[in-house]
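The structure appears right after this line, and notes come after that.
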Amino acid sequence: MEGWVIAIIKVVFIWVWVLLIATVMTWVERRGAAMMQDRLGPNRAGPFGLFQPLADGIKLFTKEEVLPKKAHKVLWNLGPLLFALPAFSAYAVVPFGDKIILGGKEIILQVSDVNIGFLYVLAIGSLAVYGIVLGGWGSNNKFSILGGLRSTAQLISYEVPLGLALLAVVFVYGSFSLRDIALAQQGTFLGFLPNWGVFKQPLGFILYMVAIYAEANRVPFDLPEAESEIVAGYHTEYGSMELGLYLFGEYVNLVTLSTLVVVLYFGAWHIPYIDISKFLGPVSWGIVSFLILYLKVAFFLWLFVWVRWTIPRFRYDQVMGLGWKALIPLALFNLFITALFIQLSA
Amino acid sequence: MEDLRERVEKCLGPKGLVVAMTECRGDLSVEVPKARLLDVMHLLKDTPDLEFDFLSDVFGVDNLAFYEKQKPKKKPEGEETEVKKEKGPPPPRFEVIYLLLSLKRTERLQVKVRVAEDDMEVDSVTSIWKAATWPEREAFDMFGLRFKGHPNLKRLLMWDEFPAYPLRKDYPLEGRGEERHLVYGE
Amino acid sequence: MNQDPVSQVDQERLGELVTINIGPSHPAMHGTLRVITVTDGETIVKAEPEIGYLHRGVEKLGENLTYHQFIPITDRLNYCSAIPNNVSYEMAVEKLMGIEVPEKAQLIRVIMMELARIADHEVCVGILGVDLGAFTPFFYLIIQREEIYEIFEWYNGARLTNTFGRIGGVDADLPDDFEERWRELKPNLRKANEETEKLLTHNRIWMDRTIGVSAFSPEDALNWGFTGPCLRACGVKRDLRKDEPYCMYDQFDFNIPVGEHGDVFDRYKVRMIEMEESIKIIDQAYKLYKEMPADAPLKARVPKVIKPPAGEVYSALESPNGELGFFVRSDGSDKAYRIRIRPPCYMIYQAFNDLVKGGMVADLIACISSLNVVAGELDR
Amino acid sequence: MARPVVKKKYTLGERIYLLEILKGMALTWKHFVFNVKASFRPGPHTVPTCWQYPEDRTREISPVYRGLHMLCLDEKGREKCIACGTCAKTCPAHCITVKKGKRKEGEEDKYAGKMYCASFDIDLLHCIFCGLCQEACPKEAIVLGREFELAQYTREECHLDKQKLLANYRKAKEEGKLRPPRKAVPVVPAPPKPEVKGASSKATEVKKGQVEVKKATKKAKNAEKAKSGD
């Protein structure tokens, strides 16, 4: 098979897969929330309400699109697009499995193994803020603009600890390629600990987790859309599928970020102490590695839901304070310690 | 209660600030001259024997039908009867009632001011108790009483353009009363 | 007189300021409140509350309905806890008529009022959580409120608009299964409160959001006419149940929680403790109630058509929000001449600008929920 | 003025966020597991709070619930209502209109009293379900039932006439959802000297034939109108 055919298949596959996860995620979010809150949640559409996302999708698609009177038409339409696109495109360099050998040809389960995949993810991730701020500005609504501004400030502030935490990972594994990092997490170190990023970078892991909650605008950092303060933040005025894009982009973002956590810190498709790839054929290992990876991703996705329905929301200045006064010094400290260790152990 | 009555009498009486004093079911109310309302309030608040330091509420009362209703027993309908008027000028139509409370002694006192229809201006007590801010605005809104010295006297519950005073007794109960009953800016 | 809020702030900075109209249809505005906020970025320069969106002319209705007919109308004041409204009004008329309410009726009133207090506080705390982004405690609390409403329903057939009590007493005895229900409910209430505390009280995000937010000094609070939990949060130990006992409250042993700074956290804390105290009061009241003979009178002898003698009284009680008073003037006919309601949150809400000035928009939301402003009672 | 507050000293556990957050998460997890288990139980009402309402109607409504009105028949199947109009007078929302009819010879098995209501109308859109009418009724004829599904498509359907009210009663009787007989509230026995003479002497004059019971405030309103017309 030609290389580009495989590439297209991979792109389509991962696109559909991520969409599927995001769809199921909306269901999990609502049902999970309900279960935590002693209620049932959506249970009318299909068994256990599983078709609820479908129903929501149909509703969003068939709704009328309303443009506010003095909204900026171009920016208004650009906003959701710019928000949803980066969320999808970030997945281009994220591995979603080990590799499959088909007909003697090795296919890596990754759309493209760029050797600076890391930087690509960071760069694309920070693009999403344009979608939010343009949507907020274009809506011609004070709540929207507040949401957009909050989001901008928050994303910019939390990019820094995020990047610094990731840099420490790069220090440890010595590569910018996500695939290299994933592969390097096999085996153990110090004799008993799995060779995972979380054990090599415990502080970095926590920092990264906090930062991605802020990046994804999730509770406790959901200020840009804090419904009790600024109605719905940047997407107050949106309806129809434009709103759908925002909501969907958010979940796709969650999937991307969770996958990154797993790839960077949780041993990607590795299981500690056992190397299953030896027992399995090349094709089945490819599938199993894919499943293991997404099982782990599922946990982190669940964590997003779990945290959201447990804790309150920060205030704007407190978010900034936490970002600049706590996370960045800690991230620098982490970087320093990591560098020191590497220097000493070399 | 008798005690409180004496104390209030002692405090306000010599200065001629008591117009009348009534008691109903243990609620003492003292009527004071409108012109010297602020003096009374200051005295009531600062006299060590009284210390009414908490303003519970301020509101207006429209006495339009009160005295007529009181006098004659209800006549059977249809019969036209003349309502006998009392001698002397009729009592002023409006009343403003201040409910005071002494936190230390947990005593309550009603202070009343009578306001005639042709002079609807009362001194605002917001300078003493900020608690009077909205109640006075509401009294203005509902009765048209004007409070002198109020920082922001505008309508509270009704919208700003509303032309009538709905809690007055002559405000009709049916239909859009304000259309038939323009009293705004008379 | 009719000034735009913007024009009242520093004219030079006008260009930097934004007027945000929060409400009346805003997710955090509890129905129909509206605050016109002038902000500098996210900092509030001025916040002017606008009320009257739920004005139904209750006071005028009171002048045109007979004394009994007005009881259902008082349900609609503070619709989170209708019973204290009913009782407050009935007490005012009873005082006007000089009626002594039988003790058993008073005990039933106490039990029901305290249940209503718990229900009200549960809503308030729950909503405060929701407005600060913590959704889950709301449900834990609201479930228990539902059980309380169940008791109300089995008492006289309505859940929210109870039309509880009649002038001179109450209209029904406690249902037979009250004891069983209460025994079941009590641990659940405590558990819900504990869980709420667990989720919120020591959580630093919660503490950051509430401690020091819209703090108020006791002097200011008294000057503004604060009553109830909001006043107690400021550190003033004032509770009509203790200070001017009504309904046999002087026979119960309970504490009055007092806050320190009068901030949102203190208000939340005071309410949490008050719920616990209310449970204690209900226990004691029910014990006294059990000691009464089964056929003890529940109602004083009242004429069918109530015509109090001419006169005027003011009577107040400690509703969940604070001092809820009714001023009733009678001219001797079967309708009140003037009814004035002193709603507690009306006095509190007028200080809103002072409470939130200098804070942020998010603090405004926290403040408004912690005051427990109920539009029905505010606008009447 | 919002005054600055000296911040409380946080304990270390409070300071580092995570500890309390983890505690909270443990709590929500507990609820989650409980509810997931509960939701797999058979039966419609599984999770304690949620009633799957339109399907699951097992929730017991209080026997004294103030729902849809009905006009009761006595044990012999006769109408209890004597058209005294007390309910109409008591109603704070003025939603009841009663017209009187006089019982004719041979109708003793139809009507319990000498008078009966020729028509009995309730405007549900006005009713506030306070229950004052059933309390005022001397014969326990008008009663608020346990029916609570009151939504209708048209205004006409919200108008209850006598036939509908009787039908409500029959339906409730079939389902065994009649309201239990009213318990008399014990009143203080020895009457203290009444403060005011009750207006009990004011007997309502009953004209022969059909008389519309006027709303209580009508007179007052007329007087008001006359006044404002001046």
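The values are calculated or read from the model by the stated rules, or taken from the named source; none is laboratory data. What you see is a predicted model, and the numbers here were worked out from it, not measured in a lab. Cβ placement follows ideal geometry from the backbone for every residue including glycine, while neighbour counts extend to all protein chains displayed. Protein only, heavy atoms only, side chains kept; ligands, DNA and RNA dropped before computing areas. Shrake-Rupley method; radii C 1.70, N 1.55, O 1.52, S 1.80 Å.
Computed quantities for the displayed model
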quantity: Qualifying GluC sites (Glu not before Pro) for segment A:10-76 [loop in DSSP, other Cβ within 10 Å: at most 16]; calculated: A:Glu64, A:Glu65
quantity: By average C-beta atoms within 10 angstrom, highest first, the peptides D:114-125, A:220-231; calculated: A:220-231, D:114-125
quantity: Carbon + sulfur, % of accessible area of the protein assembly as shown - ligands and nucleic acids excluded, 1.4 Å; calculated: 59 percent
quantity: In nm, spacing of pseudo-spin labels at D:Lys23 and C:Glu291 (7 Å Cα→C-beta vector); calculated: 4.0 nm
quantity: Inter-part distance where segment D:46-78 and segment A:277-346 are each reduced to a Cα centre, Å; calculated: 54 Å
quantity: Intensity falloff of segment A:2-345 expressed as log10 I(q)/I(0), Debye formula with alpha-carbon point scatterers, at q = 0.07, 0.08, 0.09 Å⁻¹; calculated: -0.31, -0.40, -0.51
quantity: Residue pairs, from the table C:Lys307/D:Lys89; D:Lys102/D:Lys173; C:Lys104/C:Lys299; B:Lys34/B:Lys130, whose Cα atoms sit over 18 Å apart; calculated: D:Lys102/D:Lys173; B:Lys34/B:Lys130
quantity: Order of exposure, largest accessible area first, which applies to A:Trp137, A:Trp269, A:Trp285 with probe 1.4 Å; calculated: A:Trp137, A:Trp285, A:Trp269
quantity: Residue-level accessible surface for C:Ile22, protein heavy atoms, 1.4 Å, Å²; calculated: 0 Å²
quantity: Cβ neighbours within 10 Å from other chains - mean over C:126-139; calculated: 6
quantity: Computed E for C:Glu146/A:Asp113 - FRET, C-beta separation, R0 60 angstrom, nearest 0.05; calculated: 0.60
quantity: Inter-label distance for C:Ser25 and A:Ile342, nm, one decimal - labels placed 7 Å from Cα along Cα-to-Cβ; calculated: 5.7 nm
quantity: Average Cα contact separation per residue, chain A, under 8 Å, 6 or more apart, as relative contact order %; calculated: 24 percent
quantity: Cα gyration tensor shape for segment A:245-339, rounded if a/c is under 1.5, else prolate or oblate; calculated: oblate
quantity: Computed FRET value (nearest 0.05) for A:Trp4 with A:Ser284, which takes r as the C-beta separation and R₀ as 30 Å; calculated: 0.70
quantity: Debye equation applied to the C-alpha atoms of segment C:27-160, log10 I(q)/I(0) at 0.09 Å⁻¹; calculated: -0.39
quantity: Ratio Rg/Rh, restricted to segment D:69-174 and using Cα atoms, in which Rh is the Kirkwood radius; calculated: 0.95
quantity: For C:Arg166, residues with placed amide H under 5 Å, excluding near neighbours; calculated: C:Asp171
quantity: Accessible solvent surface per residue of segment A:40-105, calculated while the other protein chains remain in place, 1.4 angstrom probe, Å²; calculated: 57 Å²
quantity: Interface residues in segment A:28-58 - accessible area drops by 10 Å² or more relative to the isolated chain, probe 1.4 Å; calculated: A:Met35, A:Met36, A:Gln37, A:Asp38, A:Arg39, A:Leu40, A:Asn43, A:Arg44, A:Phe48
quantity: Calculated FRET value between D:His45 and C:Asp176, using beta carbons and R₀ = 22 Å, to 0.05; calculated: 0.40
quantity: Inter-chain shielding of C:48-56 (mean C-beta neighbours from other protein chains, 10 Å cut-off); calculated: 3
quantity: Interface burial for C against A (accessible surface, 1.4 Å probe, total of both chains, Å², rounded to 100); calculated: 2500 Å²
quantity: Those residues of segment C:314-328 for which accessible area with every protein chain present is at least 10 Å² below the isolated value (1.4 Å probe); calculated: C:Tyr314, C:Glu323, C:Phe327
quantity: Heavy-atom accessible area ranking, 1.4 Å probe, most first, across A:Lys63, C:Lys186; calculated: A:Lys63, C:Lys186
quantity: Among C:Ile368, C:Ile341, C:Ile142 - extreme Cα towards positive end, dipole of segment C:58-379, charges at beta-carbon; calculated: C:Ile341
quantity: Hydrodynamic radius of chain C per Kirkwood, over alpha carbon pairs, in Å; calculated: 21.4 Å
quantity: Counting DSSP beta bridges with both ends in the protein assembly as shown, the antiparallel % (nearest 5); calculated: 90 percent
quantity: Whole-Å semi-axes of segment A:87-217's equivalent ellipsoid (Cα gyration tensor); calculated: 33, 20, 10
quantity: Cα-based Rg / Dmax (Å) for segment C:230-353; calculated: 18.1, 53
quantity: Greater than 27 Å apart at Cα, pairs in C:Lys304/D:Lys104; A:Lys296/C:Lys198; D:Lys114/D:Lys162; calculated: C:Lys304/D:Lys104; A:Lys296/C:Lys198
quantity: Occluded residues from segment C:236-258, i.e. those whose accessible area drops by 40 Å² or more once the chain is not alone (1.4 Å probe); calculated: C:Arg238, C:Glu244
quantity: Accessible solvent surface per residue of chain C, calculated while the other protein chains remain in place, 1.4 angstrom probe, Å²; calculated: 27 Å²
quantity: Distance (nanometres) between label positions extended 7 Å along Cα→Cβ at A:Val12 and C:Ser217; calculated: 7.4 nm
quantity: C:Met360 long-range amide H proximity, modeled H, under 5 Å; calculated: C:Ile44
quantity: Segment D:138-185: GluC sites (Glu not before Pro) falling in loop per DSSP and having at most 12 other Cβ within 10 Å; calculated: D:Glu149, D:Glu175
quantity: Between B and C, accessible area buried - total, square angstrom, nearest 100, 1.4 angstrom probe; calculated: 4400 Å²
quantity: For D:Lys173, solvent-accessible area (1.4 Å; no DNA, RNA or ligand), Å²; calculated: 110 Å²
quantity: Potential lengthening between A:Leu295 and A:Phe51 on full extension [0.36 nm per residue; Cα-Cα distance subtracted]; calculated: 85.7 nm
quantity: Most positive-pole-ward Cα, D:Ala38, C:Leu96, C:Leu17, against dipole of the protein assembly as shown from beta carbon charges; calculated: C:Leu96
quantity: In degrees, nearest ten, helix C:361-370 long axis to first principal axis of chain C (Cα); calculated: 10 degrees
quantity: Quarter of the Cα convex hull surface for the protein assembly as shown, i.e. its orientation-mean projected area (nm²); calculated: 53.8 nm²
quantity: Average beta carbon contacts from partner chains per residue of D:132-140, 10 Å cutoff; calculated: 2
quantity: Estimated buried accessible area (total), pair A and D, 1.4 Å, Å² to nearest 100; calculated: 1700 Å²
